Amino acid sequence: LREMRRGPTRVDREKVTLVEITDQSGTVTTLKKSDKGWETAQDLADPQKVALLIEALDAVEWVDRVNQEEFDAKEWAKTGLDKPRHKVRLLAGSSVVHECWFGSASVIDGNFYIGMPQTGDQAAAGMAWYVARTLAPSLLQLPAVAWRDSKLVRVSAETINRVTLTQAGGQIELFRESEHLPWVLLRPLKTRASKERVNEVLSALLNIEIIDAKEPAASGSAKPEVQTPAADELKVHIETAEKGPAFDLTLKKPASDKDTSTTATTSHRKQVFTVSTKNLTRLWVEPNVLRDHMLAQINADALKTITITSQSFPKVLLRNDDGSWLLERHGKWEGANGERLARMLNALNTHEIVEFSADTAADLAPFGLDKPFQTISWTYPQFKPVTLLFGSNADSTKFYAKYENEPFVYRIAPSLLPSIPPDGIKWKGLGALRFSTFALRRLTLSLGAAAPLVMSHDPSTAQWTATRAGKDITADIDRVKADRMAGMLAKFSVQDWSASRSEAIQALKTPYLRIQILLGEAGRTDGPVRETNLVFAPTQPNADTAFFYGQIEGDPDIFHVSRKTLLEVVASPFRENPAPRK
């Protein structure tokens, strides 16, 4: 009973270096751990299957103890323990750390008769027999060939940092510093590589499945002696960031694009394999296919600064301040338009190059890149700025882009350019006005020629009083509506900032609506105050337009606000049924 409660001794899985499986006929299958991984006597073994077997042996659960004396010879034979189906030994070095014999399945589903050597004081008694719950027999029934690793190359894609594809016509080399950095096409030209296209090549390589294997001819070796591939061959060299050997493969080109199988040899396995993969033809790829067809690969999360220059507007400076983007405007830093910035980065990262126009442009004038009409630069911490130049042909019918430190010229679609406005006003944040309602002392609304509405606010009691033309109309004020008006003004946002000022300035000389906001110290009714004035005018004189010009007096920038938004801000603060007057 103590033995049953204690259960079988558990296996230190990491220490196991050898697995011996002996079947009923006496055939022994050996799985050995080496520097290459797990190996059979002929080839590499599937590490996942070996791990599952060791795990299943370690997870055996005893259900009942069985004594041979309780069975007659015929019944004992039914347990399969007189001639075990499989005998398994796990060794660490030369020491046996686990041994188990497997007989027939018991009448309870998932349970088998097993035998295990007794240990300690009972070691002399030989084997102990049990009914046990275990998944090991399903793995032990695999034929010896099934233990072969079916992957031609078993390596994690994340660890690969160099791939070289060599054909009779040339060589392609791909490299990256780490899994977190982008791929670079080193040969036949040095440029950015397409992450998606490189991943397609890696997927095709790492999903090559072995269908059959043959021993190489006695006169030769599976590993090619010549380094130059034949016309129908592809040589693949794979290096990883982890310590260990590189992998060299030689693949025969399929007879047609529809074929999914071919022959292959490797430097780390001696057999000649028949292999298969769905995307085999993707390995015979042209360099331009692997080039990054996207104009940019900007890591928005790591950006520090962005600079936009043009021939028509002053320089635009943007910087990332702990996740909040700021714009330098009129000599000071203020909130930037985060939505516009996100749209620009997305446009750059998703814009597909129309054409690789030139790989070594000695004369940039035909592309307008000798005097670019606009540039954008971005920086990451501890890295040099990346600068992208934009130009056009003489009649501005075609547009081009080029990285300052690269020789390549790309033709781009003109639809990209509106996403990178060169006018700094377009990058200003849409939050035109921000204040705390606890600091609000008074609102004065002047609409046209009507008498101004003056609404005073007591921050200590949150109460409103109001006058118009010298008359007290406090009783008509709906406190909820007045609070809503104050809240909308405290977080007043605009639709956009106006790049054209002349017409707006003229219109705002005679504003349709003026809002005066008097602010003090938050939560106090006394102390100094400051005044902020907003003025609004229709975009067409004497018309009820869909948009209005607006300006905070003293601020040189003019904004657009929709009529709908403006009406929501200045919605009537009065009760629907005003109190009767005496």
(request) Over all alpha-carbon pairs in the range 281-418, figure out the percentage whose distance exceeds 20 Å. (result) 51 percent
(message) Can you compute the label reach from Arg10? Point 7 Å from Cα along the Cβ direction, backbone N cut-off under 12 Å, restricted to the range 50-82.
(response) 58-60
(message) Two decimals, Cα atoms only, Kirkwood Rh: what is Rg/Rh over the range 1-156?
(response) 0.99
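In deg cm²/dmol, rounded to 500, what helix-only [θ] at 222 nm does the chain give when every DSSP H run of at least 4 residues adds -39500 (n - 2.57) and the total is split over its residues?
Rounded to the nearest 500, the figure is -4000 deg cm²/dmol.
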(request) Only loop residues by DSSP count here, and only those with at most 16 other Cβ atoms within 10 Å; note down the trypsin sites (Lys or Arg not before Pro) in the range 425-519 that meet that. (result) Arg501, Lys509
(message) I need the P(r) histogram for the range 181-301: all alpha carbon pairs, bin width 5 Å from 0 out to the longest distance, whole percents.
(response) 2, 10, 17, 21, 19, 15, 8, 5, 3, 1, 0, 0
(request) Kindly rank 393-403, 524-534 from highest to lowest mean number of other beta carbons found within 10 Å of each residue. (result) 393-403, 524-534
(message) Using a probe radius of 1.4 Å on heavy atoms only, what accessible surface per residue do you get for the chain? Whole Å² is fine.
(response) 54 Å²
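Rounded to a whole number of µm²/s, how large is the Stokes-Einstein D of the range 301-357 at 37 °C and 0.692 mPa s, given Rh as the Kirkwood radius over C-alpha pairs?
This corresponds to a translational diffusion coefficient of 254 µm²/s.
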(request) Take Asp301, Asp555, Asp321 and sort them by solvent-accessible surface of the protein heavy atoms, 1.4 Å probe, largest at the top. (result) Asp301, Asp321, Asp555
(request) Average the reciprocal distances over every distinct pair of alpha-carbons in the range 382-491, invert the result, and give the Kirkwood radius in Å. (result) 19.4 Å
(request) Against the globular-protein guess of 2.2 N^0.38 Å, express the Cα radius of gyration of the chain as a ratio, rounded to two decimals. (result) 1.58
(request) Subtract the Cα-Cα distance of Ala146 and His268 from 0.36 nm times their separation in residues, and report this length gain in nm to one decimal. (result) 42.0 nm
(request) Determine the alpha carbon to alpha carbon distance for each of Lys304/Lys481; Lys33/Lys190; Lys190/Lys214; Lys426/Lys509; Lys36/Lys83 and list only those over 31 Å. (result) Lys304/Lys481; Lys33/Lys190; Lys190/Lys214; Lys36/Lys83
(message) Rounded to two decimals, what is the ratio between the C-alpha radius of gyration of the range 482-582 and 2.2 N^0.38 Å?
(response) 1.24
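Could you work out the Rg to Rh ratio of the range 218-360, with Rh taken as the Kirkwood radius (inverse of the mean 1/r over all Cα pairs)?
1.22
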(message) Between the range 225-275 and the range 77-146, how far is it from one alpha carbon centroid to the other, in angstrom?
(response) 41 Å
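The values are calculated or read from the model by the stated rules, or taken from the named source; none is laboratory data. Not measured: the values here are computed from a predicted model. With ideal geometry, Cβ positions are generated from the backbone for all residues, glycine too; neighbour counts draw on all protein chains shown. Each accessible area value is taken on the protein alone, full model and side chains, heavy atoms only, with ligands, DNA and RNA left out. Shrake-Rupley method; radii C 1.70, N 1.55, O 1.52, S 1.80 Å.
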